[in-house]
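Peer 1: Starting off with a structure, shown below.
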2 protein chains.
Amino acid sequence: MSNVWFAGLLPLLLAAASAQAEDSKPADTPAPSNIRGAEYPRIHADLRVTFRIKAPSAQKVEFGFFGFDGGKRYPAKKGEDGFWTATTDKLAPGFHYYRVFIDGVEVNDPGSETFFGTGKQTSGIEVPEKGVDYYLPKEVPHGEIRERWYHSKTTQQWRRIFVYTPPGYDTHRETRYPVLYLQHGGGEDERAWPNQGRVGFILDNLIAERKAKPMIVVMECGYARRPGDAAAAPGRPGAPRDFSRLFGAFEEVMVKDLIPMIDATYRTLPDRENRAMAGLSMGG
Amino acid sequence: MSNVWFAGLLPLLLAAASAQAEDSKPADTPAPSNIRGAEYPRIHADLRVTFRIKAPSAQKVEFGFFGFDGGKRYPAKKGEDGFWTATTDKLAPGFHYYRVFIDGVEVNDPGSETFFGTGKQTSGIEVPEKGVDYYLPKEVPHGEIRERWYHSKTTQQWRRIFVYTPPGYDTHRETRYPVLYLQHGGGEDERAWPNQGRVGFILDNLIAERKAKPMIVVMECGYARRPGDAAAAPGRPGAPRDFSRLFGAFEEVMVKDLIPMIDATYRTLPDRENRAMAGLSMGG
């Protein structure tokens, strides 16, 4: 942020412009999860994916998914231009984490946005499903996703949450809303539903079609430990492998810190009939 | 998101727990920009930084900054455990983009959060300055950063913005606020100020100290092209290098789409005395 390096970006920007400038392409298209202007990975009409990365001096390049496709690695072939290319089998539609192995080292694909999953920032590919558009931005009223920090007495730390407020929240000033607490899966955090999960568009569309009541959705991080728990954490030599301590304080954070703060801050319907919890994997 | 791979995360979680569980360390500490639990990069008391990455089968590993430190690369040394380590010269405090070169291929450091900069997702390191805490979360009232999508007639696309609303925005229902339009630098986008720029904490602290009036801050992306401009973009063989077309529609987006939408959606003071624009590099 602190540096002026505009000149150094020219090649990047030109490359992006060039990519977007090409005329109509065959049926394969850049993945919607790519960074602006990146032509690869590309998704074919039959849902195979072609990955591509520039690595002129690498000896071996492979691509592979995480927790999907059986851990298979797709070996890439090097072209004379220094780009390595690999095409996968047909993929299941949906969002998949993936990575590149450069001479055996697992790294991210610079052509992809990164998402917090697998315990770190990871490349992800969104493989669209034909005729399915419930998670895309449409011509409907849009809500907001609000980033808020609050102090937890339980963990003695500042914690970040994301809160979806439905369309009209700011103008319907007397309306109160039910609240859904929506949890991410293992290795993800509070960013998973707003980013890779596209919770805003999904709710906007469901509410517009009257398939869901306007509601508030709260997204927290499932990892929460009491300050004193650190010393007895798993992995420490000689310590018991008490895995649950990584998120052992989460219930207390929810009940004592998060829910009271949400009910005091947003126009919720603060009773048990209007409060729900859902999630996937460790959030389920 | 769609997969249950909880079991596969155990090693990651255990590593994170182990890292956090260690007793008091010497003066060097993990960078605040690291992912949860990552011990490296570490910042020394004299503001040198030690980078470390596991790459047992790599032949050569280097670390280097982007647009800072003269483009110098720090060669890393391989240990018997397969980890490569390099320590930099003394760094200037602040936020710096950096990358790892694995056998010459530029990639991100898995120990770091990534930030959209340099035209893609990039590792970043926050080097704290002694006695400087204006960008840290403090015991003051906190505002929100709201993610909003709107449709631009100029670009014919959905665009994402981030809007900082000051503490009390929801409760002081009649108050109107001045608006600052705050732009990122080249190669960054609308995420730069909310994430690496920590605009929320900075404004919260300034407002609490009465060094700034409560205000709304709007963060948009400077890259904006008219639909028809694509074919004449720079980088295309034979086309003129009309670099400005990458952001040539931004002024029109601001004046015709963004400012009217902001004034209609938020409680702004919609006159020129209460509207300002600032930014760095291409936002300045």
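The values are calculated or read from the model by the stated rules, or taken from the named source; none is laboratory data. A quick note: this is a predicted structure, and the numbers were derived from the prediction, not measured. Cβ coordinates were reconstructed from backbone atoms using ideal geometry, including for glycine residues, and neighbour counts include every protein chain displayed. Calculation scope for accessible area: heavy atoms of the full protein, side chains included, ligands and nucleic acids excluded. Shrake-Rupley method; radii C 1.70, N 1.55, O 1.52, S 1.80 Å.
Peer 1: For A:TRP149, what accessible surface area do you get with a 1.4 Å probe? Give it in Å², rounded to 10.
Peer 2: Only protein atoms counted, so the area is about 70 Å².
Peer 1: Mind checking the mean number of beta-carbon atoms from other chains within 10 Å of the Cβ atoms in B:92-102?
Peer 2: Values: counts 2, 1, 3, 3, 3, 4, 0, 1, 3, 2, 11.
For peptide B:92-102, the averaged partner shielding equals 3.
Peer 1: Note the distances from B:LYS130 to each other copy's matching label point, with points 7 Å along the Cα-to-beta-carbon direction, in nm, sorted shortest first.
Peer 2: Going from nearest to farthest copy, the values are 6.6 nm.
Peer 1: Considering only the label points, 7 Å along Cα→Cβ from Cα, what distances in nm to one decimal separate A:GLY168 from the same position in each other copy, shortest first?
Peer 2: Here the equivalent label points are 3.0 nm apart from this one.
Peer 1: Which whole number gives the average, over all residues in B:138-149, of C-beta atoms from other chains lying within 10 Å of the residue C-beta?
Peer 2: 5
Peer 1: With all protein chains present, how much of the accessible area of segment A:28-127 (probe radius 1.4 Å) comes from carbon and sulfur, to the nearest whole percent?
Peer 2: C and S atoms contribute 50 percent here.
Peer 1: What lysines does B:LYS120 reach when the alpha-carbon gap must be under 22 Å and sequence neighbours fewer than 8 apart in one chain are set aside?
Peer 2: A:LYS54, A:LYS120, B:LYS72
Peer 1: If you don't mind, there's one more thing I want to ask. Among B:97-109, B:170-182, how do they line up by average Cβ neighbours within 10 Å per residue, starting with the highest?
Peer 2: With the highest mean Cβ count within 10 Å placed first, the list reads B:97-109, B:170-182.
Peer 1: Sticking with this one: What is the pair-distance distribution P(r) of segment B:28-127, computed from all Cα-Cα distances in 10 Å bins starting at 0, with each bin given as a whole percent?
Peer 2: Per 10 Å bin, starting at zero, the Cα-Cα P(r) for segment B:28-127 comes out as 17, 54, 28, 1 percent.
Peer 1: Once phi is turned into ³J(HN,Hα) by the Karplus curve 6.51 cos²θ - 1.76 cosθ + 1.60 with θ = phi - 60°, what whole-Hz value does each residue of segment B:49-66 show in order, with x for glycine and proline?
Peer 2: 10, 9, 9, 7, 8, 8, 7, x, 9, 6, 8, 8, 10, 9, 10, x, 8, 10
Peer 1: Using Cα pairs closer than 8 Å and at least 6 residues apart in sequence, work out the relative contact order for segment A:28-127, in percent. Write out the running numbers ahead of the final one.
Peer 2: Values: 229 pairs, mean separation 29.9, N = 100.
That works out to 30 percent.
Peer 1: Can you give the FRET efficiency for B:LYS213 and A:THR171, using 1/(1 + (r/R0)^6), R0 = 35 Å, r = Cβ-Cβ distance, to the nearest 0.05?
Peer 2: On the way: r = 25 Å, r/R0 = 0.70.
For B:LYS213 and A:THR171, the calculated efficiency is 0.90.
Peer 1: Rounded to the nearest 100 Å², what is the buried accessible area between B and A, both sides summed, probe 1.4 Å?
Peer 2: Chain pair B/A: roughly 7700 Å² of buried accessible area.
Peer 1: Treating the point 7 Å from Cα along Cα-beta-carbon as the label, what are the nm separations from B:ARG226 to the other copies, to one decimal?
Peer 2: Listed shortest first, these distances are 6.5 nm.
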